[in-house]
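Structure first, commentary second.
All of the numbers you see were taken from the coordinates with simple rules; none came from a lab. Keep in mind that this is a model prediction, so the values were computed, not measured. Here the Cβ positions follow ideal geometry from the backbone for every residue, glycine too, while neighbour counts run over all protein chains shown.
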Amino acid sequence: MADNDDADEPKQAKPSDAAASEDESDAAASDDSTDAAVADDSAERARSATADRSEESLSPEATDTAAESAQSTQSTRPSNTDSTEDASESADRPRRLNRMPSRRILASAAAAVVIVALAAVTATLVLQHRTATREQADRAAYLQAARQAVVDLTTISAGSADADVARILAASTGTFHDDFGSRSAAFTSVVKQAHVSTTGTVSAAGIESMSGDEAKVLVAATSRVTNATGADNEPRVWRLRVLLHRTQGHILVSNVDFVP
């Protein structure tokens, strides 16, 4: 019976071993609770940090900072646009300057215009001067030719009748040349037979009209006549209209009319 009691003893738990087991269970539970508390504390801290960040992001200072940042971004964009416009204007400015004439070009153009105007005025004045000079020369030539023609017509002598008639014909043309030439023989015969001697002088002459190669000249002349019929140095007054024509550079008498 004693052996059976000893054999059954292991089957009964010892009080000390049960207590130890309970202590180990409590320790494990304590460790688990500690780990849970640490985890809860970490989660709480994470939630607090997230809440702080949310509060900071929703705070007025953060909002103002975000607004200022947005305004700064917006203000930066127009400045970039302005800089682009300035660059475009800067690029266009040389083109406009190239299209716009410079002061030197304008001054040169003005000087050229003045020079051309002066040249035109000078040419006009020169032309007018030449025209006036030519007209004056023509007037003088026509007056001289008319004077000489009247002197030739009023200066005839019996001793030089043929030469006097030839001189008149040489200085005439047209109708007058033909008419006087047809009567020249009879005129010479009368002068010789009457022993005519006449000397003429021109007292005045003036241009009545002048156009191109033709002119009309009024001439006042006086001749003194001596002949076989009794005239002795008698004065005779003549008023004549002499028509002149320029032919091959020579001014000739084309007609002579008596003016009352």
Inset, instruction - Can you tell me how much longer the chain between Thr122 and His195 gets when fully stretched, taken as 0.36 nm per residue apart minus their C-alpha distance, in nm with one decimal? - result: 20.1 nm
Inset, instruction - Measure off 7 Å from each Cα along the Cα-to-Cβ vector at Ala228 and Arg167, then give the distance between these two points in nanometres to one decimal. - result: 2.3 nm
Inset, instruction - Quote the FRET efficiency, to the nearest 0.05, computed for Thr133 versus Thr175 with a Förster distance R0 of 35 Å and r equal to the Cβ-Cβ distance. - result: 0.65
Legend entry - Inter-label distance for Gln248 and Val114, nm, one decimal - labels placed 7 Å from Cα along Cα-to-Cβ: 5.4 nm
Inset, instruction - Quick one: compute the contact order of region 167-245, relative version, from alpha carbon pairs under 8 angstrom and 6+ residues apart, as a percent. - result: 24 percent
